[in-house]
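The values are calculated or read from the model by the stated rules, or taken from the named source; none is laboratory data. If you're wondering where the values come from, they're calculated on a predicted model, not measured in any experiment. Heads up, the Cβs are rebuilt from the backbone with ideal geometry, glycines too, and the neighbour counts pull from every protein chain shown.
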Amino acid sequence: MELFLWAIAGGLLVACLSAIAVVYNKESISTKHLSRDFILGTVLTGCIYPLIPETLQEISTAVTDKVSLVSSSYSSSDPGVQVGPPNF
């Protein structure tokens, strides 16, 4: 089911990009061209989507690691720094 949803989303994206390109070139939009681009986008997304989830998981973990590294470098929770009266 998830594959079909992503395929439809990919088809809509390709059809929208095609419509934007047609309007940019000052041509008339035809239903035939939009439906062709929707079908091509759906097939392309349906073929490529099974390859993507592992890659997205790796990218998301890499980004999360980088963000946590950057945020920890800016935090002032250094265990060697103590604020307040000394502990004698």
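Considering only residues in segment 18-34 that are without any contact (Cβ under 8 Å) to a residue 12 or more places away in the chain and either part of a helix (DSSP H, G or I) or within 24 Å of the chain's Cα centre (by Cα) (or both), the one that is farthest from Phe4 (Cα to Cα) turns out to be Tyr24. Once segment 21-41 is narrowed to residues that are within 19 Å of Ile8 (Cβ to Cβ) and among the β-branched types (Val, Ile, Thr), the residue that is modelled with the highest pLDDT is Ile39.
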